[in-house]
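Just below is one structure, and these are the notes that go with it.
What follows is calculated from the coordinates using simple rules that are stated; it is not laboratory data. Keep in mind that this is a model prediction, so the values were computed, not measured. Using ideal geometry, Cβ is built from the backbone for each residue, glycine included, and neighbour counts are taken over all protein chains shown.
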Amino acid sequence: MGGTFLAIILAYLKVKKLDCTNSATFFTTLLDYTSPGELGVFFNENTMKYIKEDMDLKGYFDGKYLSNTFSLLRVNDLIWTFFVNNYLLGKNPMAFDLLYWNADSTNLPAKMYQEYLQNTYYNNLLKEPNTLDVLGTKIDLGKVDCNSFFVAAKEDHIAPWRSIYDGMKLINGDKIFCLTDSGHVAGVVNPPKTTKYNYRLNDDLSLNSREWLLKATEHKGSWWDCWLNWLIKNNTELVKSLDYKNLIAIEEAPGSYVKK
């Protein structure tokens, strides 16, 4: 969702003539929801109605529902493996940092999540110029022209890489499309020291996704170094960090919201 919101904000800033962005990075981001992949089966009229009713009662969308939805897309890896090994065989779960992080699901504000689903998965408003209304302003992704770096994962079951590639074409400016190995999480969280997964690049973004992949060059190791060099090239001045010591805290971490 973060990358989708970033694109919306960038388009909004262009309409308001607030040109303050040097570059933008999109991790596993869908902008065109024509083919959302397996996740799309969950977003129909009945499920949208159920989600709205549940959020109206709670005031937020329960993060556990989203976590369970992702697990249902990979039942063998994310459900039955643990049922067999831990419940039937009595084995202790093996330590896995990514799965531990992934299990920390986040509750989402009701109005935000409802509008997100309606405008993207259900109605795909970002695809058509001047269709989505943001704070009373119609936006057009085609007006976004800052340099951008798109990262997609070849085995991503949540945001299919081919759909990410198609959505990337909705915005303008100089773009890099980087296709990494693995899935939605491990494809992005791929530190250089692991050298576990490779990535692919192809400057010709006029091709369709199939042709792009056939002509892409595979590079060994993590995509992080490529991205870092791109960031340095596109952002010559460093932004000053916030003075955290003098910021007034609303309450102590992690905050009451995440404890619900």
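In straight-distance terms, cross-link reach from K196 covers every one of the aspartates and glutamates whose alpha-carbon lies under 13 Å from its own, apart from those fewer than eight places away in the same chain; here that gives D181. Adding -39500 (n - 2.57) for every DSSP H run of four residues or longer, then dividing by how many residues the chain holds, sets the calculated 222 nm ellipticity at -9000 deg cm²/dmol. For the chain, the normalised intensity computed at q = 0.07, 0.11, 0.14 Å⁻¹ comes to -0.29, -0.75, -1.21 (log10 of I(q)/I(0), Debye sum over alpha carbons, equal scatterers, no solvent). If a/c stays under 1.5 just call it rounded; otherwise compare a/b with b/c (prolate if a/b is bigger, oblate if not). Do that for segment 117-260, with a ≥ b ≥ c from the square roots of the Cα gyration tensor eigenvalues. Here segment 117-260 falls in the oblate category. For F149, the residues whose modelled amide H falls within less than 5 Å of its own, excluding neighbours fewer than 5 places apart on the same chain, are A24, T25, F26, I176. Highest-first packing order for the peptide set 96-102, 50-56 is 50-56, 96-102, based on the mean count of other beta carbon atoms within 10 Å. Our analysis of segment 1-147 gives Rg over Rh at 1.05, with the two radii drawn from alpha carbon positions and Rh computed by the Kirkwood formula.
Taken about its Cα centre, the chain carries a charge dipole of about 200 debye when Lys and Arg each add +1 at the Cβ and Asp and Glu each add -1 at the Cβ. Simple rule: put +1 on each Lys or Arg Cβ and -1 on each Asp or Glu Cβ in the chain, find the dipole, and look at N172, N130, N46; the Cα lying farthest toward the positive end is N172.
Distance from the C-alpha centroid of segment 89-121 to that of segment 137-211: 22 Å, rounded to the whole angstrom.
Each Lys and Arg contributes +1 and each Asp and Glu -1, all at the Cβ; summed about the Cα centre of segment 1-121, the dipole is approximately 220 debye. Is there a pair in K154/K193; K14/K215; K16/K127 whose C-alpha atoms are over 24 Å apart, and which pairs would that be? Flagged as over cut-off: K14/K215. Can you give the relative contact order of segment 151-229 as a percent, counting alpha carbon pairs under 8 Å and 6+ residues apart? Relative contact order, segment 151-229: 29 percent.
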